[in-house]
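Undergrad: Following this message is one structure expressed as structure tokens.
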Amino acid sequence: MEHAPDWLVNSFIYLSAAVIVVPLSKALGLGAIIGYLAAGVAIGPWGLGLVTNVQDILHFAEFGVVLMLFLVGLELEPKRLWSMRRPIFGAGSTQVLGCAILLTALAIAFGVNWKTALVASLGLSLSSTAIALQVMAERNLLPTASGRAAFAILLFQDVAAIPILALLPLLGATIAEQSGGGTSGSHALEAARIIGVIAAIVLGGRLLLRPLFRWIARSRTPEIFTAASLLVVVGIAGLMQLVGLSMALGAFLAGVLLAESEYRRELETDIEPFKGLLLGLFFIAVGMSIDFGVLLASPLLVAAIVVGFLLSKALVIYLLARQMELSFQDRPVFTLLLAQGGEFAFVVFQAAAGALVFSAETASLLMGAVAVSMLVSPLLLVAIDKLLLPHYASRHTVVLEEIAEQQEAPVLIAGFGRYGQIVARVLLAEGVDCTVLDHDAEMVEAARNFGYRVFYGDASRLDLLRTAGAATARVLVLAVNDVEQSLRIVDLVRDHFPQLQIVARARDVTHWNQLRERRVMLVQREMFESSLRSARSVLELLGNSALDAENTANRFRTHNLELFEQLHPHFQDRAKLIAVVKQGREQLEAQMAQERLERARRASAAPD
């Protein structure tokens with residue numbers, strides 16, 4: 001009988017390990033990541049020995065991280081990414097440099113060679129993007145302040161890996177030159193290649209990708225669109241790998257370039273299943289790659305390295321969290337997610353051994369310590385959940401379960417702040433059943449204490465919208481505070497629940513225009529009507545009659561709404577916008593001045 005091919009046998013082993021171990025891990029409250037890592041240990045060379053070609057699998061599985069960064073990039077428009085430049089380069093550089101300096105000083109104090117200490121510290125200062133983003137996605141932390149801060153730091157680390165790798169040949173230059181190594185000319189050529197590839201990705205993304213997807217979409221063949229999506233990611237990752245850069249960083253850049261395209265949601269839907277499977281395979285490969293031979297040969301040294309760099313990084317990151325004014329409750333998870341070692345450290349240490357900065361044995365020791373930290377961190381996270389967060393809960397921190405039961409109300413309200421509460425109270429008084437979602441646990445708890453039926457959940461998540469009854473509801477009242485979250489909800493509703501009519505609250509003029517751009521026609525600016533009423537009160541206190549004050553406010557309302565409609569086609573053209581606003585204001589002031597003259601003339605002509 002013919003023997004089954006290796007790829008089929010290995011696929012059966014991976015899937016079997018994942019299907020058995022991951023549900024068991026989640027049932028024990030340990031989470032999916034620990035399950036994947038444990039499955040890898042079980043089937044790897046130091047477990048049952050079912051799989052031996054660990055490095056080949058790890059290289060293939062890294063593509064899961066690449067797809068994850070591509071999807072993250074799709075959520076970030078270039079303008080939003082530019083707005084994050086300060087936390088990326090501010091907090092990110094502080095974290096990497098702070099951790100590297102502290103770890104280098106400690107290593108030198110223990111007698112380690114300065115080159116080894118510097119490269120080891122730079123590699124250990126990097127964190128696991130895969131684990132951190134997966135945990136934040138599971139806990140829905142990305143929209144929060146701590147999630148955005150952690151993402152900014154992780155993004156800077158991907159960028160920082162480039163100069164770290166570029167530094168390695170310079171540190172090994174003396175030995176390389178003695179053995180006939182590279183010259184400054186070769187380094188200049190390498191730098192030119194890197195700049196050329198990045199420029200090609202940026203320009204190609206701007207000029208070629210959208211027309212390409214538009215052409216493919218016309219074929220109305222879904223599987224080809226999926227193939228094209230994967231082709232773009234694979235191609236860009238290959239280009240970045242060709243010049244020695246991070247594949248994940250290239251994929252992230254491609255995602256950002258496509259974030260404003262009309263195919264963003266389609267790309268997310270096509271790639272999401274591949275990302276989940278390959279990320280699981282990546283964590284299994286990390287579990288298999290743990291070299292227990294190195295650990296068993298020097299267990300105390302490995303333990304000292306793991307504990308030392310985890311505590312050192314945790315100290316720097318916790319101080320950074322305080323400086324960034326993150327909430328007291330968010331700091332432990334934020335610190336732990338960034339304190340662990342990262343998958344890019346494997347690349348740094350392998351490259352360092354290849355550049356003769358330190359020996360292959362040292363590289364294996366450091367990679368083993370990083371792998372152990374990636375295995376231990378999810379366990380520590382479980383300990384934080386069970387031991388530390390309940391202690392914070394006693395300090396008025398509310399932890400609630402998300403909405404789980406299917407709802408069928410005709411009206412869905414997203415956000416139960418001061419705006420959403422008024423809308424809900426009017427509807428409830430009229431006997432209209434509402435399903436209310438809010439992601440602020442304290443707000444939900446307070447509303448429940450007053451007898452309101454409010455569910456905890458983030459309305460920008462498709463699964464929670466389905467559970468809340470978006471597929472059968474007639475109206476969505478969009479009352480969330482965060483502008484980006486509001487726009488994400490609109491995009492989801494337009495893509496998946498086209499029957500749902502949207503009544504939205506706009507935070508400001510820009511938000512109003514962004515909502516109108518998404519065909520949301522029933523939009524109210526949150527402060528507009530209350531400001532008009534206050535203006536009426538001021539006019540009456542200054543001696544105007546109640547009727548005149550009301551007419552003035554109505555005139556302003558009509559003019560303002562008409563002006564907004566005129567401005568909307570030009571809201572991205574700042575010069576045109578300013579010109580139209582100035583012209584409209586002058587027309588309104590002239591018109592109201594004329595009306596004041598007429599009122600004064602009528603008053604003087606009236607008999608005493």
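Undergrad: Quick test for you: out of LEU50, LEU81, pick the one residue that is modelled with pLDDT of 70 or more, open to solvent by 10 Å² or more (accessible area, probe 1.4 Å), in contact with a helix residue (DSSP H, G or I) (Cβ under 8 Å, 6 or more places away or on another chain) and at negative phi.
TA: None of the other options fit; the residue is LEU50.
Undergrad: Spot the failing condition for VAL302; the list is (1) at pLDDT 80 or above; (2) open to solvent by 30 Å² or more (accessible area, probe 1.4 Å); (3) farther than 17 Å from LEU126 by Cα; (4) among the hydrophobic types (A, V, I, L, M, F, W, C), and only one is missed.
TA: Result: VAL302 passes all but (2).
Undergrad: Would you tally the residues in the stretch 422-438 being open to solvent by 60 Å² or more (accessible area, probe 1.4 Å) and either β-branched (Val, Ile, Thr) or closer than 25 Å to ARG488 by Cβ (or both)?
TA: Number satisfying all stated conditions: 2.
Undergrad: Let me ask you something else. Please enumerate the residues belonging to the stretch 93-109 that are crowded, with 17+ Cβ neighbours inside 10 Å and within 13 Å of LYS313 (Cα to Cα).
TA: Within the stretch 93-109, THR94, GLN95, VAL96, GLY98, CYS99, ALA100, LEU102, LEU103, THR104 meet the criteria.
Undergrad: Tell me whether the stretch 319-337 contains one or more residues that are hydrophobic (A, V, I, L, M, F, W, C), under 30 Å from THR362 (Cβ atoms) and surrounded by fewer than 18 Cβ atoms within 10 Å (Cβ to Cβ).
TA: yes
Undergrad: Would you say ALA188 is modelled with pLDDT of 70 or more and either open to solvent by less than 50 Å² (accessible area, probe 1.4 Å) or assigned to a helix (DSSP H, G or I) (or both)?
TA: It is false that ALA188 is modelled with pLDDT of 70 or more and either open to solvent by less than 50 Å² (accessible area, probe 1.4 Å) or assigned to a helix (DSSP H, G or I) (or both).
Undergrad: Kindly indicate whether SER327 is within 18 Å of ALA100 (Cβ to Cβ) and hydroxyl-bearing (Ser, Thr, Tyr).
TA: So SER327 fails the test.
Undergrad: Please indicate, with yes or no, whether at least one residue in the stretch 324-339 is assigned to a helix (DSSP H, G or I), within 19 Å of the chain's Cα centre (by Cα) and among the small types (Gly, Ala, Ser).
TA: Checked the stretch 324-339: at least one residue is assigned to a helix (DSSP H, G or I), within 19 Å of the chain's Cα centre (by Cα) and among the small types (Gly, Ala, Ser).
Undergrad: Can you tell me which of (1) open to solvent by 20 Å² or more (accessible area, probe 1.4 Å); (2) at pLDDT 70 or above is the one PRO169 doesn't meet?
TA: (2)
Undergrad: Something else now. Given GLU562, GLU529, which one is under 45 Å from the mean Cα position of the chain (by Cα) and either hydrophobic (A, V, I, L, M, F, W, C) or within 23 Å of VAL483 (Cα to Cα) (or both)?
TA: Answer to the selection: GLU529.
Undergrad: Hey, another quick one. Any idea which residue in the stretch 439-476 is nearest to GLN499 (Cα to Cα), counting only those that are buried (at least 16 other Cβ atoms within 10 Å of the Cβ) and acidic (Asp, Glu)?
TA: Of everything passing the filter in the stretch 439-476, ASP458 is nearest to GLN499 (Cα to Cα).
Undergrad: Just name the residue that is nearest to ASN481 (Cα to Cα) out of those in the stretch 122-156 that are surrounded by 23 or more Cβ atoms within 10 Å (Cβ to Cβ) and of a type in the set (S, T, N, Q).
TA: Checked the stretch 122-156; the qualifying residue nearest to ASN481 (Cα to Cα) is GLN134.
Undergrad: Search the stretch 471-485 for residues that are without any contact (Cβ under 8 Å) to a residue 40 or more places away in the chain and pair each with any residue that is open to solvent by 20 Å² or more (accessible area, probe 1.4 Å) and part of a loop (DSSP other than H, G, I, E, B) when their beta-carbon atoms are under 6 Å apart and the residues are at least 6 apart or on different chains.
TA: Listed pairs, sorted by first residue: VAL483/ARG507.
Undergrad: PHE416 fails exactly one of the following numbered conditions: (1) in contact (Cβ under 8 Å) with a residue 12 or more places away in the chain; (2) open to solvent by less than 80 Å² (accessible area, probe 1.4 Å); (3) closer than 19 Å to ARG474 by Cβ. What is the number of that condition?
TA: Against the list (1) in contact (Cβ under 8 Å) with a residue 12 or more places away in the chain; (2) open to solvent by less than 80 Å² (accessible area, probe 1.4 Å); (3) closer than 19 Å to ARG474 by Cβ, PHE416 comes up short only on (3).
Undergrad: Return yes or no: is GLY293 outside any loop (DSSP other than H, G, I, E, B), modelled with pLDDT of 70 or more and touching a Phe, Trp or Tyr at 6+ places or on another chain (Cβ under 7 Å)?
TA: No; evaluated as a whole, the condition is false for this residue.
Undergrad: Name the pairs: first residue in the stretch 491-510 and in contact (Cβ under 8 Å) with a residue 24 or more places away in the chain and of a type in the set (Gly, Ala, Ser), second residue surrounded by fewer than 18 Cβ atoms within 10 Å (Cβ to Cβ) and not in a helix (DSSP H, G or I), Cβ to Cβ under 9 Å, at least 6 apart or on different chains?
TA: Every condition considered, the pairs that remain are ALA504/LEU522; ALA504/GLN524.
Undergrad: Follow-up. For the stretch 244-261, name all the residues that are part of a loop (DSSP other than H, G, I, E, B) and modelled with pLDDT of 70 or more.
TA: LEU258, ALA259
Undergrad: Could I ask something else about it? Is it the case that the stretch 404-411 has a residue that's farther than 30 Å from LEU168 by Cβ, at pLDDT 80 or above, open to solvent by less than 10 Å² (accessible area, probe 1.4 Å) and out of contact with any Ser or Thr (no Cβ under 9 Å at 6 or more places or on another chain)?
TA: no
Undergrad: Name, by its number, the condition in (1) part of a helix (DSSP H, G or I); (2) open to solvent by 40 Å² or more (accessible area, probe 1.4 Å); (3) at pLDDT below 75 that does not hold for TRP215.
TA: Condition (3) is where TRP215 drops out.
Undergrad: Condition first: modelled with pLDDT under 85 and either under 21 Å from the mean Cα position of the chain (by Cα) or on the phi > 0 side of the Ramachandran plot (or both). Now tell me which residues in the stretch 486-521 satisfy that.
TA: Scanning the stretch 486-521 gives HIS511, GLN514, ARG519.
Undergrad: For the subset of the stretch 519-546 comprising residues that are part of a loop (DSSP other than H, G, I, E, B) and open to solvent by 30 Å² or more (accessible area, probe 1.4 Å), which member is farthest from ALA414 (Cα to Cα)?
TA: The selected residue is GLY543.
Undergrad: Separate question: Do any strands (runs of 3 or more DSSP E) entirely within the stretch 401-518 hold 3 or more residues that are of a type outside the set (Val, Ile, Thr), and if so, which?
TA: 434-438, 501-506
Undergrad: On to the next question. Across the stretch 99-156, what is the total count of residues that are among the hydroxyl-bearing types (Ser, Thr, Tyr) and farther than 21 Å from LEU311 by Cα?
TA: Adding up the residues that qualify gives 1.
Undergrad: Next question. Does at least one position in the stretch 350-365 carry a residue that is at pLDDT 75 or above, touching a Lys or Arg at 6+ places or on another chain (Cβ under 6 Å) and buried (at least 18 other Cβ atoms within 10 Å of the Cβ)?
TA: Looking for residues that are at pLDDT 75 or above, touching a Lys or Arg at 6+ places or on another chain (Cβ under 6 Å) and buried (at least 18 other Cβ atoms within 10 Å of the Cβ), one finds at least one in the stretch 350-365, hence yes.
Undergrad: Given the criteria open to solvent by 10 Å² or more (accessible area, probe 1.4 Å), in contact (Cβ under 8 Å) with a residue 40 or more places away in the chain, part of a helix (DSSP H, G or I) and closer than 14 Å to GLN95 by Cβ, does LEU315 qualify?
TA: Yes; evaluated as a whole, the condition is true for this residue.
Undergrad: While we're looking at this one, here's another question. Run down GLU550, GLU586 and say which single residue is part of a helix (DSSP H, G or I) and at pLDDT below 80.
TA: Exactly one of GLU550, GLU586 is part of a helix (DSSP H, G or I) and at pLDDT below 80, namely GLU586.
The values are calculated or read from the model by the stated rules, or taken from the named source; none is laboratory data. These numbers come from a predicted model, not from an experiment. Cβ coordinates were reconstructed from backbone atoms using ideal geometry, including for glycine residues, and neighbour counts include every protein chain displayed. SASA here: full protein model, heavy atoms, side chains in, ligands and nucleic acids out. Shrake-Rupley method; radii C 1.70, N 1.55, O 1.52, S 1.80 Å.
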